[in-house]
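Trainee: One structure coming up, written as structure tokens, with questions to follow.
The values are calculated or read from the model by the stated rules, or taken from the named source; none is laboratory data. As the structure is a computational prediction, the values presented were derived from the model and not from experiment. Because the Cβ atoms are built from the backbone with ideal geometry, glycine has one as well, and the counts that use them run over all protein chains shown. Heavy atoms of the whole protein, side chains included, go into the accessibility calculation; ligands, DNA and RNA do not. Shrake-Rupley method; radii C 1.70, N 1.55, O 1.52, S 1.80 Å.
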Amino acid sequence: MNETIASMIDRRSCRKFADRMPSAADIDAVVEAGLYAASGMGRQSTIVIKVTSKELRDRISRMNARIMGKGLEFDPFYGAPAMLIVLADRSVATHVYDGALTMGNLMVAAESLGLASIWIHRAKEEFDSEEGKAILADLGIEGDYEGIGHCALGYWDGAKPEPPARREGRVFCAE
């Protein structure tokens, strides 16, 4: 089987990360793959924020937990030491789709490098908030961006689960 397809099939969402940071080179390779995702009319509306700072990671985790209605001790990122946050330019009609494709590329690239990942939602609510806008301003990010998702990134703590059976009846032929 082709390596790319194998990575797509083998990828799983990780809900328990080891306390070990991926190498900067691996994180950068995952980000680069994300930036090569297809985008509507080639507009490349997405940006990626690499978060490897524990302080910022924990701050965003608390924001995300608060949006979920969970206590601040809850970690929506399952202990992942790094995250890649995808935002997309709201002025581009396809920005949500572009962001989703970027997220997909990030997760498949992570799998291909032996990294664990999971897509965590609520980035829209985070970065529509005053605190989220302040984070963007502190990072020097200007523009009207919508949060699409977080790609929590790290290594599996334990065995990767087997895939669930694929649901039948999802392919139709029009020959």
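Trainee: Measure off, as a whole percent, the carbon and sulfur share of the 1.4 Å-probe accessible area of the chain, all protein chains present.
Mentor: Carbon-and-sulfur percentage of accessible area, whole number: 53.
Trainee: Sticking with this structure for a sec: Which chymotrypsin sites (Phe, Trp or Tyr not before Pro) from the range 66-135 combine a DSSP loop assignment with at most 15 other Cβ atoms within 10 Å?
Mentor: Sites meeting the loop and neighbour criteria: Phe74.
Trainee: Using +1 at the Cβ of each Lys and Arg and -1 at the Cβ of each Asp and Glu in the chain, identify which of Ala33, Pro81, Tyr97 lies farthest towards the dipole's positive end.
Mentor: Pro81
Trainee: Please get the size of the charge dipole for the chain, origin at its Cα centre, with Cβ charges of +1 on Lys and Arg and -1 on Asp and Glu, quoted in debye to the nearest 20.
Mentor: For the chain, the charge dipole is close to 480 debye.
Trainee: Let me ask something else about it. Over 28 Å, how big is the tail of the calculated P(r) for the chain, in percent of all Cα pairs?
Mentor: In whole percent, the long-distance tail amounts to 24.
Trainee: Then there's this: Using the Kirkwood radius built from alpha carbon pairs, what does the Stokes-Einstein equation give as D for the range 15-110 at 25 °C and 0.890 mPa s, in µm² per second?
Mentor: The diffusion coefficient I find is 171 µm²/s.
Trainee: Related question: Sort 163-170, 103-110, 22-29 by the packing proxy (mean of other Cβ within 10 Å over each peptide's residues), most packed first.
Mentor: My ranking of the peptides, most packed first, is 103-110, 22-29, 163-170.
Trainee: Of Lys70/Lys133; Lys54/Lys124; Lys16/Lys54, which pairs sit farther than 19 Å apart, going by alpha carbon to alpha carbon?
Mentor: Violating the 19 Å Cα-Cα cut-off are Lys70/Lys133; Lys54/Lys124.
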